[in-house]
1. Using a cut-off of 12 Å between beta-carbons, work out the net charge of the residues near Lys46 (Lys and Arg +1, Asp and Glu -1, Lys46 not included).
2. Run down the aspartates and glutamates and flag those whose C-alpha is under 15 Å from the C-alpha of Lys26, throwing out any fewer than 8 positions away in its chain.
3. Pairs of lysines 8 or more apart, or on different chains, with alpha carbons under 27 Å: count those in the stretch 120-197, would you?
4. Give me a comma-separated list of calculated 3J(HN,Hα) values for the stretch 133-145, in order, Karplus coefficients 6.51, -1.76, 1.60 applied at θ = phi - 60°, integers in Hz, x for any Gly or Pro.
5. Mind jotting down the distance between the C-alpha centroids of the stretch 146-175 and the stretch 238-299, whole Å?
6. How high is the relative contact order of the chain, in percent, with contacts defined as C-alpha pairs under 8 Å that are six or more residues apart?
7. For the stretch 198-299, take the convex hull of the Cα atoms, compute a quarter of its surface area, and give me that in nm², please.
8. Rank by packing, highest mean first: peptides 183-191, 103-111, 25-33, with packing defined as the count of other Cβ atoms within 10 Å averaged across residues.
Amino acid sequence: DLINSEIGFCLNRLDRFEEGLLYFEKAKEQGKDDIWLYSEIGYCLKRLARWEEALSYYQKANEMGRDDEWLNVEIGECLGEMGRIEEGIARLQKTLTLKDCDEVLVNSQIGYLYGKLNNSKEALKYLYKAKELGRKDVWLYSEIGWNLADDSETYEKALDYFNKAVELGRNDTWIDGQIGFVQSKLGNYKEAISRFERVYFATPEDNWIAFQLGAVYRKAGEITKAIEILEKSVENTPFRGWVELELAICYALIEEKEKAQEYLDKAELYIGGERENYPDVKKDFEMVNQLLKATSYLS
């Protein structure tokens, strides 16, 4: 079992996790039964995104007496990926109490998990702590920006952090989409369109980007482009109701009232109940109704 364990360990460090796992399993079959082996198997499985299996091995190591920072962080991350986010946060918060723990890493991970719960206020508390402790990299600036973008009062700050991430080398569709979103909320439609178009042409199947691009085209007065994008995505989008509402506005603006009413009815069906929770939604419904009641200047 020693040879198999050592080969598995080497393969793990070469990121050849499936092969490493085979050797660890052989060592286990030959009678090896200890904290080290279960920790290594858990690590293999986690890197293979087999979260539940990884957690079971980590828990075996924990039950056998391992209770250090590394194991608690690994368990916290697995719980987070499995959707057991509050349990993951609790495990990581426990880790902060351990002597000599890596506070930068643990605060970063807690902030990330609070972000997954859409609890931006708590997420930012931990992310800012990581920043205070010296972390200043692309990941942290991206996470801070993403959480700041959840609040209309902090769009400018979010943009600053996204730009910091770009300055440090981030150049992908995610950051373009986030910058586009914030720019659109700030009314900078030209800049938003530029960002969203880059993402849309790279990933036309991205329904969130299609919706955002269609909405910003409409706000910029490019109604034909907005309709083209939104009509393509309406049947497959997970944002049912929101896309229909945008299409209702677009058709009302060009006085195709029958189509506008059709999409307004669908929007009502999907998201009519959101009006009281979101002032912008209420405003958009009212806008369409007013446009539909208006007499055409051309008639």
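No lab work stands behind these numbers, since they all come straight from the coordinates. Note that the coordinates shown come from a computational prediction; the quantities given were computed from them, not determined experimentally. Because the Cβ atoms are built from the backbone with ideal geometry, glycine has one as well, and the counts that use them run over all protein chains shown.
1. Surrounding charge for Lys46 is -4.
2. Partners within reach: Asp1, Glu6, Glu18, Asp34, Glu40.
3. So the count works out to 22.
4. Once θ is set to phi - 60°, the couplings for the stretch 133-145 become 7, x, 7, 9, 9, 4, 4, 5, 5, 5, 5, 4, x Hz.
5. 31
6. Details: 392 pairs, mean separation 19.9, N = 299.
Relative contact order of the chain: 7 percent.
7. Values: hull surface 26.1 nm².
So the Cα hull casts an average projection of 6.5 nm².
8. Details: 183-191: 16.2, 103-111: 21.8, 25-33: 14.4.
Ranked by mean Cβ neighbours within 10 Å, highest first: 103-111, 183-191, 25-33.
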